[in-house]
Amino acid sequence: MPVLARTGNEAMAEAMRQINPDVVAAYPISPATEVVMIFSKFVADGLVDTEFVAVESEHSAMSACVGAASAGCRVMTGTSSQGLQLMSEILPIASALRQPIVLCEVNRALSGPINIHCDHSDTMAVRDFGWLQIFSENAQEAYDSVLQMIKIVEDVKVRLPGMVTTDGFIISHCMEKIETLEDAEVKTYLGEHKKMNSTLDLTKPITLGSLDLQDYYFEHRMPMAQAMIEAKEVILKVGQEFGAKYGRPYGLLEKYKLDDAEVAIVAMGSTCGTARVVIDELREKGIKAGMLKLRVFRPFPAAEVAEVLAGVKSIAVLDRSDSLSSQGGPLYTEVRSALYDAKTKPVLSNYIYGLGGREINLEDLRQIFSEQKSNQSGKIVYFGVRE
């Protein structure tokens, strides 16, 4: 496999080039601008035969994506933060119409105050819109996950849109070595794009986007819920097959020294890489520390989370966003719900951290682990806030 030095944005754009989607409709926004900007250069240089649609807003971008997907095209785009929110009117329409659009989403704090740096508030704001969500720890995972997401969303059991995320600037603009596939291999891996329910198929006319009141709305929402349930199996299958072919297997979650852990954290995204260093340090000192890394947030792998956390005494759930519900961050409330029926419940606390791009470093994570000895269940800590 070719080894390249790439930023997270470049890795995503490279995956898009190799996928060669039929249509990309996009509007730039930091720190995701580079993803579609680099891809637009591929279009201009004739390296892909994609129809690139430069629109006047992210709302228009997602609207164009839905239209193109409804015509049977393989469709991709990219955005971040306020751009994702401007798309939010159309995001649930894409999932309701069962359009397998793939979105490269670079995590960035929501305004206000205005901020362009990383937290997960943008992705979490649309977590219940019927989109699959995969979080990437690094550029390699971003590249691999974009390729896999195409196969996942186009699976007949799923047919829902999906987003692959990276942490803004931390991953999107930092360079690292990644292993890429050959162009021909990607084409073989993805296979031929199969159109389903195309509005341009005059032999099988269909209606999309019709008014759906009390008589059928409920019935048309249920297949979306069922598809989200079945997506777990498809994500696992695709991740395992990818690992068998290319040596990098993927699942819904990843355990790091968790099997015998007494204290652990649950985290997503780039923080997981920093946490591994601290866990290794603690292990050398005889402290049984571990980590559960959530790769897939939607569908949420509740049963799997409950199973792997069953034997841990104390757990800190790290949220890089706040639900503003007074009940803790989105990841915390999901984990707490997953553990509701557990026979042995761990001490479960919530650390809301890193909002607006505030750094979390090795010393911070050492402190979080050390505080697990005295934490009580239900404790919510706004970690790193200056009093």
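The values are calculated or read from the model by the stated rules, or taken from the named source; none is laboratory data. Computed from a predicted structure; not experimentally measured. Quick reminder, even Gly has a Cβ in these numbers, built from the backbone with ideal geometry, and neighbours come from all protein chains shown.
Exactly one condition in (1) touching a helix residue (DSSP H, G or I) at 6+ places or on another chain (Cβ under 6 Å); (2) part of a helix (DSSP H, G or I) is not met by residue 123; state its number.
Failed condition: (1).
Inspect the range 174-188 for any residue being outside any loop (DSSP other than H, G, I, E, B) and touching a Phe, Trp or Tyr at 6+ places or on another chain (Cβ under 7 Å) and give the result as yes or no. Quick ask: steps written out before the conclusion?
Residues of the range 174-188 outside any loop (DSSP other than H, G, I, E, B): 175-179, 183-188.
Going one step further and asking which of them are touching a Phe, Trp or Tyr at 6+ places or on another chain (Cβ under 7 Å), we end up with 178.
The answer is yes, given that some residue of the range 174-188 is outside any loop (DSSP other than H, G, I, E, B) and touching a Phe, Trp or Tyr at 6+ places or on another chain (Cβ under 7 Å).
In the range 15-33, which residue that is more than 19 Å from residue 62 (Cβ to Cβ) and either more than 18 Å from the chain's Cα centre (by Cα) or outside the structural domain of residue 58 (by TED's automatic domain parsing) (or both) is surrounded by the most Cβ atoms within 10 Å (Cβ to Cβ)?
18
Considering only the range 318-348, how many residues are out of contact with any Asp or Glu (no Cβ under 8 Å at 6 or more places or on another chain) and outside any loop (DSSP other than H, G, I, E, B)? Spell out how you get there, then give the answer.
Initial filter on the range 318-348 (out of contact with any Asp or Glu (no Cβ under 8 Å at 6 or more places or on another chain)): 318-319, 322-327, 333-348.
Now restrict to residues that are outside any loop (DSSP other than H, G, I, E, B): 318-319, 333-338, 347-348.
Matching residues across the range 318-348 total 10.
Just give me the residues in the range 312-335 being in contact with a strand residue (DSSP E or B) (Cβ under 7 Å, 6 or more places away or on another chain), surrounded by 18 or more Cβ atoms within 10 Å (Cβ to Cβ) and not hydrophobic (A, V, I, L, M, F, W, C), in sequence order.
Let us first name the residues in the range 312-335 that are in contact with a strand residue (DSSP E or B) (Cβ under 7 Å, 6 or more places away or on another chain), namely 312-319, 322, 328-332, 335.
Okay, now just the ones that are also surrounded by 18 or more Cβ atoms within 10 Å (Cβ to Cβ), so 312, 314-319, 322, 328-332, 335.
If the condition is that a residue be in contact with a strand residue (DSSP E or B) (Cβ under 7 Å, 6 or more places away or on another chain), surrounded by 18 or more Cβ atoms within 10 Å (Cβ to Cβ) and not hydrophobic (A, V, I, L, M, F, W, C), then 314, 319, 322, 328, 329, 330, 332 are the ones that fit.
Look through the range 343-387, keep the residues that are among the acidic types (Asp, Glu) and buried (at least 16 other Cβ atoms within 10 Å of the Cβ), and return whichever of them is farthest from the chain's Cα centre (by Cα).
So in the range 343-387, the residues among the acidic types (Asp, Glu) come out as 359, 363-364, 371, 387.
Checking which are buried (at least 16 other Cβ atoms within 10 Å of the Cβ) leaves us with 364, 371.
Details: 364: 24, 371: 29 Å.
My answer is 371.
Select from the range 244-277 the residues that are among the basic types (Lys, Arg) and assigned to a loop (DSSP other than H, G, I, E, B) and write down the one among them that is surrounded by the most Cβ atoms within 10 Å (Cβ to Cβ).
Step one: of the range 244-277, the residues among the basic types (Lys, Arg) are 245, 248, 255, 257, 276.
Add one more test, that the residue is assigned to a loop (DSSP other than H, G, I, E, B), and what stays is 248, 257.
Values: 248: 14, 257: 16.
The qualifying residue surrounded by the most Cβ atoms within 10 Å (Cβ to Cβ) is 257.
Here are some conditions: (1) outside any strand (DSSP E or B); (2) surrounded by fewer than 24 Cβ atoms within 10 Å (Cβ to Cβ). Residue 293 meets all but one. Which one does it not meet?
It is condition (1) that residue 293 fails.
Somewhere in the range 158-173, is a residue among the polar types (S, T, N, Q), part of a loop (DSSP other than H, G, I, E, B), more than 25 Å from the chain's Cα centre (by Cα) and surrounded by 13 or more Cβ atoms within 10 Å (Cβ to Cβ)?
Taking the range 158-173 and keeping what is among the polar types (S, T, N, Q), we get 165-166, 172.
In the following step, the residues that additionally are part of a loop (DSSP other than H, G, I, E, B) were identified as 172.
Checking the rest, the ones that are also more than 25 Å from the chain's Cα centre (by Cα) come to none.
Among the residues of the range 158-173, not one is among the polar types (S, T, N, Q), part of a loop (DSSP other than H, G, I, E, B), more than 25 Å from the chain's Cα centre (by Cα) and surrounded by 13 or more Cβ atoms within 10 Å (Cβ to Cβ), which makes the answer no.
Let me confirm something: among 214, 148, 140, 133, which residue is polar (S, T, N, Q), modelled with pLDDT of 95 or more and either surrounded by fewer than 17 Cβ atoms within 10 Å (Cβ to Cβ) or in contact with a Leu (Cβ under 7 Å, 6 or more places away or on another chain) (or both)? Before you say what the answer is, go through the steps one by one.
Working: 148 fails: either surrounded by fewer than 17 Cβ atoms within 10 Å (Cβ to Cβ) or in contact with a Leu (Cβ under 7 Å, 6 or more places away or on another chain) (or both); 140 fails: either surrounded by fewer than 17 Cβ atoms within 10 Å (Cβ to Cβ) or in contact with a Leu (Cβ under 7 Å, 6 or more places away or on another chain) (or both); 133 fails: either surrounded by fewer than 17 Cβ atoms within 10 Å (Cβ to Cβ) or in contact with a Leu (Cβ under 7 Å, 6 or more places away or on another chain) (or both).
The conditions single out 214.
Specify the residue that is nearest to residue 285 (Cα to Cα); the eligible residues are those in the range 349-386 that are in a loop (DSSP other than H, G, I, E, B) and β-branched (Val, Ile, Thr). If you could, list the steps in order and put the result at the bottom.
Pass one, the range 349-386, residues in a loop (DSSP other than H, G, I, E, B): 353-354, 358-361, 372-379, 383-386.
Narrowing the set further to residues that are β-branched (Val, Ile, Thr) leaves 360, 385.
Numbers: 360: 22, 385: 29 Å.
So, considering only residues that are in a loop (DSSP other than H, G, I, E, B) and β-branched (Val, Ile, Thr), the one nearest to residue 285 (Cα to Cα) is 360.
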